[in-house]
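Here is the structure we will look at, set down as structure tokens.
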Amino acid sequence: MKDNIDHKDPAKNMNMTTGSGGETHQRAGDDTATLTTQQGVAISDNQNSLKAGPRGPSLLEDFVLREKINHFDHERIPERIVHARGSAAHGYFELTESLEEYTTAKILTETGKQTPLFTRFSTVAGNKGSKDTPRDVRGFAVKIYTDEGNWDIVGNNMPIFFIQDAMKFPDLVHAVKPEPDRGFPQAASAHDTFWDFVSLSPETMHNVIWLMSDRALPRSLRMMEGFGIHSYRLVNKEGKSTFVRFHWKPVLGVQGTTWDEAVKISGADPDYHRRDLYENIDMGSFPEWEFGVQLFTEEEAEKFPFDHLDATKLIPEELVPVKIVGKMVLNRNPDNFFAETEQVAFCPSHLPPGIDFSNDPLLQGRLFSYLDTQLSRLGSPNFAQIPINAPKCPFANNQQDGHMQMQVPKTRVLYEPQSLDPTRPRESIKRGFESFHEQLDDGVKGRVRAESFADHYSQPRMFYLSQTDIEKAHIANAYTFELGKVDTAHVRTRTLSHLRNIDEDLAKRVADGLGMELPEAATPQAPVQDLDTSKAIQTIGISPKTLKGRLIGILVGKDSSRSEVEKFEQAAKDAGAMVKIIAPGKEAILDDGTRVQADERLAGAPSVFFDAVVSIIMPPVAKKLANDSSALDWFNDAFNHCKAIAYCPATDEHILSKLPVKKDEFVTPLSELDTFIENAKTRLWTREPEVRDLP
Ligand code: HDE
């Protein structure tokens, strides 16, 4: 904590003038940049349009006004159809272990080299202006600017997808998006059309149960796993192929929020994830992920109790371990949100030689969709020339013209074969991308689905049975909440009939929560298997006990003990946490007379923003706050969200005593600093059944 108040008036240093409209603004001096039109003509007055007399009509000849308004009128481009809301950062990829045995791709064989990348995280269903914390899958798209061309790993924070075949994607998206007649709900799956579609498409059951879990409510974008989902191939110099699934594992560990927190965060700060990513990178706390691969052969895949070409199936880490071979560090915020985060164009078909596709029918459909969608979103086949999309290795081809062509090819020759210009690029057998020489069976053409894709319940069952008790309760609660928003009775009933095939206990909890009878179980297309459970797919169960990258809120007020505040601040920082000082006002004078600026006012910083809270206030402040609902909510919510609370005597006497906050082992006096720091590294989940009636 420091006295960070700047009492200087920054305007005093500026060259301020008063315009004819009476407004105050700054004019360019000799050493400042001059405002110009797009044609480079200096602008003398950027405040007033050209008029025939002070009260007369504006003149059409005012090219400065026309250009300014015209550009403004065209500032927007269509948002992404899905994944419209996103946040991104620059960083680098570094390989720590070579995969030379499996691939020729330099990015996976040259260790120690840092290759630039750009990563965009997103929600899926909401529009560009929607909140950051809905219950939703998160996009996790990484563009690595390798020396052999861009490699886009366009994945999600869940290892599986809703559907098996690209043919169903527009239907899935139409079902989850706002209903077309009424235009709501925004960024929510809790409505009839989504549950109608998924309950008629049992293949969605696996992703749906992940969506009902805390994985759909990430604590931070920095605390999410990323998955390439589909099987890809690695191809080595002998032309041998090995199947691979890509993983990103956050160094800070996986963590989610509770539903109640997510709901409250979205009201208090719709930009919660975006701000958290930006602020952490800005202050040098760079998020990092390990890069891992699951490698397996065709023969091994044949023994899996599922088909790995089916994107609704994960490959348990217990079956094929994730081999960590590299890392990603995000260390620079974008300079401009639109130019970079908005205009970045990912595409799963962007990959360097040595990596190839599998026949996953969902992946095959994606290979078409992404390029196609960029044409309407970015407006031109030249979108690859936008700096954020352009490769950083040399590139040259014979494509020409098109909207917004930025290159000026100085040649007669933009075709091949040609014999007129020896400087022009030519194909290279040695360096060029070569598809894996896959031996294909003679199949019969038809709109078919493989028999091996028929098992829709075994993996969702494995997912549910792999969870801790508290996670199971969260999942049951999420189904109950979502189906509680569904008005069509037969859609709720049909969903319950699927849940019976996943787990009878889950089905019963949800039916009881809804006050409904259990229907007959749906008829599975393939026998439901009892697969081995997997701890790796938990959320709470694998959340690390740590304060690294987490945030502690310390409430202070007039005459708070400066030394006490500093003690807590230091201990939290020593444990790797960040600290925010919260006060009833924006400034506070502490007991030694120092005036501090709070990071946030109490009314604007509910305790859902913090992983643990501390209160160091004097009796007059505490008495006043005892009549302020935002202060009471601060403590009550921290308790209800199972967080650690450190309290001073005044907080205890005037605030906690008014609340149903029990003094359990996570609610401790200031004197127990070490205990508080240990508690703050995790949550007291055993408290949850006491404060919330979970089904
Ligand atoms: Fe996407 N998806 N998707 N998707 N997807 C898009 O491309 C699509 C799928 C994913 O930050 C769009 O540029 C089809 C799976 C991410 O810019 C679009 C199918 C996975 C992003 C599109 C899928 C994803 C997108 C919209 C089924 C996880 C955001 C704008 C065949 C592996 C990337 C755009 C960013 C974006 C189509 C399925 C992930 C319309 C047709 C499976 C992370 O092209």
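The values are calculated or read from the model by the stated rules, or taken from the named source; none is laboratory data. Here the structure is a predicted model, which is why all the values come from computation and not from measurement. With ideal geometry, Cβ positions are generated from the backbone for all residues, glycine too; neighbour counts draw on all protein chains shown.
Things worth noting here:
- Cβ-Cβ under 6 Å pairs, at least 6 apart or on other chains, the stretch 65-88 side over 15 Å from R138 (Cα atoms), far side assigned to a helix (DSSP H, G or I): P78/R377
- Extreme residue, nearest to the ligand (Cβ to nearest atom), among residues of the stretch 105-152 that are over 30 Å from E261 (Cβ atoms) and touching a Gly at 6+ places or on another chain (Cβ under 6 Å): L117
- For the residues F286, F291, the requirement of being modelled with pLDDT of 95 or more and crowded, with 20+ Cβ neighbours inside 10 Å singles out F291.
- Taken over the stretch 153-185, the criterion of being over 14 Å from V82 (Cβ atoms) and either hydrophobic (A, V, I, L, M, F, W, C) or away from the ligand (no atom under 12 Å from the Cβ) (or both) is satisfied by I153, M158, I160, M167, E179, P180, D181, R182, G183, F184, P185.
- Residue check for V596: among the β-branched types (V, I, T), within 28 Å of K681 (Cα to Cα) and either in contact (Cβ under 8 Å) with a residue 24 or more places away in the chain or assigned by TED's automatic domain parsing to the domain that holds L659 (or both): yes
- Members of the stretch 27-53 found to be over 30 Å from G379 (Cα atoms), at pLDDT 95 or above and out of contact with any strand residue (DSSP E or B) (no Cβ under 9 Å at 6 or more places or on another chain), listed by number: S44, D45, N48, G53
- Any hit, the stretch 338-346, residues being exposed (fewer than 15 other Cβ atoms within 10 Å of the Cβ), at pLDDT 95 or above and within 16 Å of the ligand (Cβ to nearest atom): yes
- Counted residues, the stretch 381-404 - those being over 19 Å from R431 (Cα atoms) and in contact with a Ser or Thr (Cβ under 8 Å, 6 or more places away or on another chain): 3
- Check on E238, in the same structural domain as F291 (by TED's automatic domain parsing), part of a loop (DSSP other than H, G, I, E, B) and more than 13 Å from the ligand (Cβ to nearest atom): yes
- Restricting G256, G226, G284, G267 to residues that are within 16 Å of the ligand (Cβ to nearest atom) and not assigned by TED's automatic domain parsing to the domain that holds L483 narrows the list to G226.
- Wholly enclosed helices (runs of 4 or more DSSP H) of the stretch 418-507 bearing at least 1 residues more than 24 Å from T539 (Cα to Cα): 469-484, 489-502
- Test: residue in the stretch 205-216 that is within 16 Å of the ligand (Cβ to nearest atom), in contact (Cβ under 8 Å) with a residue 40 or more places away in the chain, farther than 25 Å from V510 by Cα and polar (S, T, N, Q): no
- Residue match in the stretch 360-372 (condition: within 16 Å of the ligand (Cβ to nearest atom), assigned to a loop (DSSP other than H, G, I, E, B) and under 30 Å from S534 (Cα atoms)): yes
A quick yes/no check of all residues on (1) assigned to a loop (DSSP other than H, G, I, E, B); (2) more than 23 Å from P334 (Cα to Cα):
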| residue | (1), (2) |
| --- | --- |
| A384 | no, no |
| I388 | yes, no |
| P391 | yes, no |
| R412 | yes, yes |
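- All positions within the stretch 506-535 that are without any contact (Cβ under 8 Å) to a residue 24 or more places away in the chain and of a type outside the set (A, V, I, L, M): K508, G515, E517, E520, T523
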